[in-house]
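Undergrad: The following block contains the structure, expressed as structure tokens.
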Amino acid sequence: AAASAAAATAAKPAGDTRPTEPEATVVLCLENLLTAAELNDDEEATSVLDDTRDKCARDFGPVEDAFLVRPAHASAEGTLEFVGKALVRFKDKGAAFKAAASLHGLKFDGRPVRCSFVAVDRYERLRAAVLRLP
């Protein structure tokens with residue numbers, strides 16, 4: 001799978017960050033949904049995560065889980081590069097790719113959403129690290 005993901009990445013034109021189907025996993029990572037201030041606001045962060053989960057389930061397919069890596073989680077091992085990002089775990093890869101293809105580049109409060117995929121084992125380690133923190 002790594003070789004096919006590398007080949008897909010290599011086939012993209014320079015500067016093209018759109019996710020491709022060979023890269024797809026069941027876990028979608030969404031970037032740029034929240035500002036720093038919104039990330040630190042419990043109510044706003046929860047609302048955006050709930051809306052994101054609902055939209056993904058309604059428009060793209062069954063969602064098994066979703067969480068947001070917030071600044072308070074930055075001290076947990078392996079979380080730093082994911083701070084500010086929402087991770088959505090779909091039931092199947094096809095739904096995750098459909099969501100990525102539709103949401104990548106979409107403007108959310110004036111900010112372009114960036115989508116990428118995360119390996120399931122990495123997702124599970126991140127989720128465990130986030131859940132251990134208050």
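The values are calculated or read from the model by the stated rules, or taken from the named source; none is laboratory data. This is a predicted model, so every value here is computed, not measured. Don't worry about glycine lacking a Cβ; one is built from the backbone with ideal geometry, like all the others, and counts go over all protein chains shown. Surface accessibility is based on the protein's heavy atoms, side chains included, excluding ligands, DNA and RNA. Shrake-Rupley method; radii C 1.70, N 1.55, O 1.52, S 1.80 Å.
Undergrad: Using only Cα atoms, tell me the angle between helix 2-11 and the longest principal axis of the chain; keep it within 0 to 90° and round to the nearest 10.
TA: Roughly 80 degrees between the two axes.
Undergrad: Quick one: which residues, 5 or more positions from residue 65 or on another chain, have an amide H under 5 Å from its amide H? H modelled 1.01 Å from N in the peptide plane, none for Pro or chain starts.
TA: Under 5 Å from the amide H of residue 65 lie the amide H atoms of 89, each far enough along the sequence or on another chain.
Undergrad: What does the charge count near residue 102 come to, summing +1 for each Lys or Arg and -1 for each Asp or Glu among other residues with Cβ under 14 Å from its Cβ? Let's see the in-between values first.
TA: Working: positive: 18, 55, 58, 98, 107, 114; negative: 21, 59.
It works out to a net charge of +4.
Undergrad: Going highest first, how would you order 83-91, 34-42 by mean Cβ packing within 10 Å? Please list the in-between numbers first.
TA: Details: 83-91: 21.3, 34-42: 14.0.
Answer by packing, highest mean first, reads 83-91, 34-42.
Undergrad: Still on this structure: Mind checking the dipole of the stretch 95-134: about its Cα centre, +1 per Lys or Arg Cβ, -1 per Asp or Glu Cβ, Debye to the nearest 20? Walk me through the numbers before you get to the answer.
TA: Numbers: 8 positive and 3 negative charges, 13 e Å.
Rounded to the nearest 20 debye, it is 60 debye.
Undergrad: Here is a follow-up. In square angstrom, rounded to the nearest 10, how much accessible surface does residue 73 have for a 1.4 Å probe?
TA: 20
Undergrad: Tell me which label goes with the value of Rg/Rh (Cα atoms, Kirkwood Rh) computed from the coordinates here: [x] 1.00; [y] 1.50; [z] 0.95.
TA: [z]
Undergrad: While we're here: Hand me the GluC sites (Glu not before Pro) from the stretch 58-134 located in a DSSP loop with no more than 13 other Cβ atoms within 10 Å, in residue order please. Please report the intermediate quantities before stating the final value.
TA: Values: sites: 64, 77, 81, 124; in loops: 77.
Listed in order of number, the matching sites are 77.
Undergrad: Taking the chain as the reference, fit the longest principal axis to its C-alpha atoms, fit the long axis of helix 42-59 to the helix C-alpha atoms, and give the angle between the two in degrees, 0 to 90, nearest 10.
TA: Here the helix axis deviates by roughly 30 degrees.
Undergrad: Between 45, 100, 76, find the one with the highest GNM mean-square fluctuation for the chain; connect C-alpha pairs within less than 10 Å.
TA: Looking only at 45, 100, 76, the biggest GNM fluctuation is shown by 76.
Undergrad: With θ set to phi - 60° and the Karplus curve 6.51 cos²θ - 1.76 cosθ + 1.60, what are the ³J(HN,Hα) couplings of the stretch 89-95 in order, to the nearest whole Hz, using x for Gly and Pro?
TA: 9, 8, 5, 9, 5, x, 5
Undergrad: Compare 17, 79 by solvent-accessible area with a 1.4 Å probe and give them largest first, with all protein chains kept in place. Mind showing how you got there, number by number?
TA: Working: 17 80, 79 0 Å².
So the residues, ranked largest to smallest area, are 17, 79.
Undergrad: Now, a different point. Please work out the FRET efficiency for the pair residue 119 and residue 43, using the Cβ-Cβ distance as r and a Förster radius of 30 Å; give the result to the nearest 0.05.
TA: Working: r = 31 Å, r/R0 = 1.05.
Efficiency computed from Cβ-Cβ geometry: 0.45.
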